[in-house]
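Take a look at the structure set out below.
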Amino acid sequence: MATLEQLIPIKPRPSEDWDVERIRKDFPVLRQTVNGKPLVYLDNAASSQVPTMVIERGAQYIEQEHSNIHRGVHYLSMKATTSYEGAREKVKRFINARESKECIFVRGATEGINLVMYGYGRKFIGAGDEIIISAMEHHANIVPWQMLCEEKNAKLRVIPMNDAGELLMDEYDSLLNERTKLVAVAHVSNALGTINPVKEIIERAHKYGVPVLIDGAQWAPHMRIDVQDLDCDFYAFSGHKMFAPTGSGVVYGKAALLEKMNPFMGGGDMIKSVTFEKTIYADLPNKFEAGTPAIASQIGLGAAIDYLTIIGREKAAAYEHELLHYATERISAIEGVRIIGTAREKLSVLSFVIDDIHPHDIGTILDQEGIAIRAGHHCAQPVMKRFNVPATARASFAFYNTREEVDVLARTVERVIEIFG
Ligand code: 7TS
């Protein structure tokens with residue numbers, strides 16, 4: 001059993017002047033009661049909530065701009081195109097890409113990873129080649145690579161982790177070789193909360209000339225992304241986990257790589273010219289955006305980026321860090337609770353199990369008290385197997401959660417133990 005000190009993520013920084021009650025007013029969904037109790041929303045790693053500013057921007061598009069982009073010469077189409085491309089500019093600044101054409105709009109991290117698998121993997125990975133992922137990947141960063149390996153007769157290699165849920169970097173070194181053609185790892189594990197040393201992972205892969213895809217689905221809502229500083233080759237994330245509507249998301253790729261990749265899907269908007277003999281593809285980013293995209297959602301993502309900028313990402317992150325620290329302290333102090341994922345560097349996620357109580361039962365009783373957590377394998381079944389549990393209960397935090405909500409969670413977890421004990 002780990003000591004309390006080991007369970008608590010390092011260095012909580014002061015949250016200074018974070019006015020959480022004011023922030024909460026920005027999120028209408030939080031005002032409701034569930035089963036007669038105030039909603040305590042702790043399922044942010046699955047989907048975060050949407051602030052009024054983002055809702056209003058989406059409504060404004062639908063009320064005043066709704067039209068198809070890139071095609072029309074008419075007023076509304078031009079307005080919609082400007083807003084959609086404006087959102088791309090915001091993404092570019094948000095992740096510090098060199099050029100906005102490196103930011104491809106997709107439905108979410110899953111689609112982004114699949115785009116790289118189809119566009120890059122199917123073209124450049126062949127028989128006998130190897131792809132390295134980690135032991136803590138979400139299925140979205142496992143299954144596409146397995147599909148590719150099956151098709152191409154390539155091999156999937158997996159970086160193992162220790163009992164705290166930290167990658168074994170020496171093992172990573174021993175997996176890298178001249179057959180390695182791609183490394184794909186999560187920035188943050190959705191099941192454990194571990195922050196992976198992605199800069200180091202990228203640097204070591206680049207020594208072999210191997211491109212690296214980072215699955216940033218759990219990092220993007222919380223921390224600054226700088227794709228140039230990371231020097232990652234691809235970076236994927238989902239809008240609905242970062243205060244934007246579903247259907248929004250981004251996969252960043254270095255222009256030189258995107259240029260030489262195959263398109264993901266064929267159709268309208270991704271071509272320069274089409275004859276029955278030959279199609280010439282459009283330039284970036286359109287080459288990867290076939291058909292009518294989720295215009296309203298991506299504009300919403302742009303507004304979510306604005307929102308994060310206004311409230312201050314650094315302050316939000318510091319507050320969240322402190323909250324995770326507090327929650328870890330409270331939950332791990334309850335007798336019978338075991339935290340799954342005790343890495344030194346963690347973000348936002350607190351997974352736990354209670355002896356002899358199935359996480360679904362924990363989730364159901366918490367729901368009766370208005371508390372939304374996730375219970376299950378979190379689309380990370382290999383992680384469950386590694387820790388020898390069928391599932392975990394997972395509370396995941398955002399900057400609008402409060403210490404009082406953590407107290408309610410802790411009290412209710414104690415009640416669960418009383419009921420089943
Ligand atoms: N990668 C990671 C690390 C994730 O956490 C998720 C979703 C995905 C990829 C896929 O994102 P999507 O938006 O394309 O679905 N994670 C979770 C979760 O933890 N609970 O529900 C979805």
### Message
Go through segment 109-137 and report how many residues are in a loop (DSSP other than H, G, I, E, B), open to solvent by 20 Å² or more (accessible area, probe 1.4 Å) and either under 15 Å from M265 (Cβ atoms) or among the charged types (D, E, K, R) (or both).
### Response
1
### Task
Report, by residue number, each residue of segment 21-46 that is among the β-branched types (V, I, T) and open to solvent by 30 Å² or more (accessible area, probe 1.4 Å).
V29, T33, V34
### Query
Among A391, A372, which is the only one that is at pLDDT 95 or above, farther than 30 Å from D17 by Cα, within 15 Å of the ligand (Cβ to nearest atom) and not assigned by TED's automatic domain parsing to the domain that holds I159?
A391
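Looking only at residues that are assigned to a loop (DSSP other than H, G, I, E, B) and of a type in the set (A, V, I, L, M, F, W, C) in segment 246-274, which one is surrounded by the fewest Cβ atoms within 10 Å (Cβ to Cβ)?
So in segment 246-274, the residues assigned to a loop (DSSP other than H, G, I, E, B) come out as 246-248, 254, 261-270.
Next, from what is left, pick out any that are of a type in the set (A, V, I, L, M, F, W, C): 261, 264-265, 270.
On the way: M261: 20, F264: 23, M265: 13, M270: 20.
By that ranking, first place goes to M265.
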### Task
State yes or no: is E85 in contact with a Phe, Trp or Tyr (Cβ under 7 Å, 6 or more places away or on another chain) and charged (D, E, K, R)?
no
### Task
Check F243 against each of (1) away from the ligand (no atom under 16 Å from the Cβ); (2) in a loop (DSSP other than H, G, I, E, B); (3) under 30 Å from S348 (Cα atoms) and name the one condition it does not meet.
(1)
### Pairs, first assigned by TED's automatic domain parsing to the domain that holds K254 and under 14 Å from Y84 (Cβ atoms) in segment 100-111, second aromatic (F, W, Y) and at pLDDT 95 or above, C-beta under 7 Å, six or more apart
C103/Y252; I104/F288
### Task
List every residue pair whose Cβ atoms sit under 7 Å apart, with the two residues 6 or more apart in sequence or on different chains, where the first one lies in segment 375-398 and is under 15 Å from I339 (Cβ atoms) and the second, anywhere, is within 13 Å of the ligand (Cβ to nearest atom) and among the β-branched types (V, I, T).
A393/I373; R394/V349; R394/I373; A395/I373; S396/V349
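Being over 22 Å from G239 (Cα atoms) and among the hydrophobic types (A, V, I, L, M, F, W, C) is the filter here, so list the residues in segment 270-307 that pass it. Full working, then the answer.
Taking segment 270-307 as the starting set, the residues that turn out to be over 22 Å from G239 (Cα atoms) are 270-283.
Within segment 270-307, M270, I271, V274, F276, I280, A282 qualify.
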### Residue in segment 267-277 that is within 16 Å of the ligand (Cβ to nearest atom) and either in contact (Cβ under 8 Å) with a residue 60 or more places away in the chain or within 25 Å of the chain's Cα centre (by Cα) (or both) present
no
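On the given criteria, is I354 among the hydrophobic types (A, V, I, L, M, F, W, C) and either surrounded by fewer than 17 Cβ atoms within 10 Å (Cβ to Cβ) or touching a Gly at 6+ places or on another chain (Cβ under 9 Å) (or both)?
On the way: among the hydrophobic types (A, V, I, L, M, F, W, C): yes; either surrounded by fewer than 17 Cβ atoms within 10 Å (Cβ to Cβ) or touching a Gly at 6+ places or on another chain (Cβ under 9 Å) (or both): yes.
Criteria met by I354.
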### Task
Filter segment 303-324 for residues that are part of a helix (DSSP H, G or I), under 29 Å from E85 (Cβ atoms) and not aromatic (F, W, Y) and give the result.
A303, A304, I305, D306, L308, T309, I310, I311, R313, E314, A316, A317
#### Entry: Which numbered condition I334 misses (of (1) surrounded by fewer than 23 Cβ atoms within 10 Å (Cβ to Cβ); (2) in a loop (DSSP other than H, G, I, E, B); (3) in contact with a Lys or Arg (Cβ under 9 Å, 6 or more places away or on another chain))
(3)
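The values are calculated or read from the model by the stated rules, or taken from the named source; none is laboratory data. This is a predicted model, so every value here is computed, not measured. No Cβ is skipped: glycine too gets one built from the backbone with ideal geometry, and neighbour counts run over all protein chains shown. Note: areas computed on protein heavy atoms with side chains; ligands, DNA, RNA excluded. Shrake-Rupley method; radii C 1.70, N 1.55, O 1.52, S 1.80 Å.
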